[in-house]
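*Asks:* First the structure, which I've put down as structure tokens, then a few questions once you've had a look.
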Amino acid sequence: MLIHREYTNAFPSTFIIYADRLEVKNANRPHSYGQLLPTDFEPFPKNPHIAQIFTQIGRSEELGTGIRKVYKYAKSYAGSANISFMEEDVFVTKVPLDNAFFETSRDGGGINERINDPVNATVNATVNATVNATLNATVSERQKRILIEVNLNKNITIAQLAEKLSVSRDTVLRDMKKLKRLNLIKRVGSDKLGNWDIID
């Protein structure tokens, strides 16, 4: 709205979500009149300097991609592709919202679940793979064993760990220091009365 607004026009910009549609109105300086379609419209920079600033800070993309992307994703996100981009003295955008699309489906999963679950699964798989690769590269087998022992007994002492691993207390202390530095483990409470906690 900031990039495309005609600043000599006092018409107030609005972005309103109704029960059945999303409607945006913006003061405009028309380059052409009528409905804009992704197949036959010619992008025209209304405020190129403002557009450049937003592009430089990563908040906008190249000129003309907005209308194409709304048409491309509207069916998936709003349930309808019956969109209106009307270029007049006031530029009006209308994106219908299909209420049936947002209702909970028979298996109990609504729009959020249908969109978020695949996204979350992909993100989690990527993050887990990265974390596992990082751990395998930076944490020794002995340090992994310490994490396992701490997970089994959060009150385990340095002496008990040294005995279980058949190493000196100093070795365990060095390993614990590294695990703390990697944000994998932390001490909760005092050294004498506290316990260890695995950081998720």
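*Asks:* Ratio of alpha-carbon Rg to the 2.2 N^0.38 Å globular estimate for region 1-86, to two decimals, please. Could the numbers behind the result be given before it?
*Replies:* Numbers: Rg = 13.6 Å, N = 86, 2.2 N^0.38 = 12.0 Å.
Dividing the Cα Rg of region 1-86 by 2.2 N^0.38 Å gives 1.14.
*Asks:* So if I place +1 on the C-beta of Lys and Arg and -1 on the C-beta of Asp and Glu, and nothing else carries charge, what would the dipole magnitude of region 14-102 be about its Cα centre? I want it in debye, nearest 20.
*Replies:* Numbers: 10 positive and 10 negative charges, 45 e Å.
About 220 debye.
*Asks:* With a point put 7 Å past each Cα toward its Cβ, work out how far residue 59 is from residue 94 in nm, to one decimal.
*Replies:* With each label point 7 Å from Cα toward Cβ, the separation is 2.9 nm.
*Asks:* Which trypsin sites (Lys or Arg not before Pro) from region 1-95 combine a DSSP loop assignment with at most 15 other Cβ atoms within 10 Å?
*Replies:* Numbers: sites: 5, 21, 25, 46, 59, 68, 69, 72, 75, 94; in loops: 5, 46, 59.
Those that pass, being in a loop and sparsely packed, are 59.
*Asks:* Using the Cβ atoms and a cut-off under 15 Å, what net charge is assigned to the surroundings of residue 41, where Lys and Arg are +1 and Asp and Glu are -1?
*Replies:* Working: positive: 46, 68, 69, 72; negative: 40, 42, 62, 87, 88.
Neighbourhood net charge equals -1.
*Asks:* Follow-up question, since we're still on this one. Sum up the charges of everything whose Cβ sits under 12 Å from the Cβ of residue 195, counting Lys and Arg as +1 and Asp and Glu as -1, but leave residue 195 out. Provide the component values of the computation, followed by the final result.
*Replies:* Values: positive: 154, 186, 187, 192; negative: 191, 197.
Taking every Cβ under 12 Å from that of residue 195, the sum is +2.
*Asks:* Let me ask something additional. Give the order of 8, 157 when sorted by the count of other beta carbons within 10 angstrom, beginning with the fewest. Spell out each step's value before the answer.
*Replies:* On the way: 8 7, 157 13.
Lowest to highest Cβ neighbour count: 8, 157.
*Asks:* Stretch residue 42-residue 14 to full length: gain in nm at 0.36 nm per residue minus the Cα-Cα span?
*Replies:* On the way: separation 28, 0.36 × 28 = 10.08 nm, distance 2.43 nm.
So the extension gain works out to 7.6 nm.
*Asks:* What is the fewest-to-most order of 191, 175 by other Cβ atoms lying within 10 Å of their Cβ?
*Replies:* On the way: 191 7, 175 23.
Listed from fewest to most nearby Cβ atoms, that is 191, 175.
*Asks:* Moving on to the next point. What do you get for chymotrypsin sites (Phe, Trp or Tyr not before Pro) in region 19-85 restricted to DSSP loop and a cutoff of at most 13 other Cβ within 10 Å of the site's Cβ?
*Replies:* Details: sites: 33, 41, 54, 71, 73, 77, 85; in loops: 33, 41.
Taking region 19-85 and a limit of 13 other Cβ atoms within 10 Å, the loop chymotrypsin sites (Phe, Trp or Tyr not before Pro) found are 33.
Rule-based calculations on the coordinates, nothing more; no lab input. Note that the structure is predicted; figures quoted are calculated from it, not measured. Quick reminder, even Gly has a Cβ in these numbers, built from the backbone with ideal geometry, and neighbours come from all protein chains shown.
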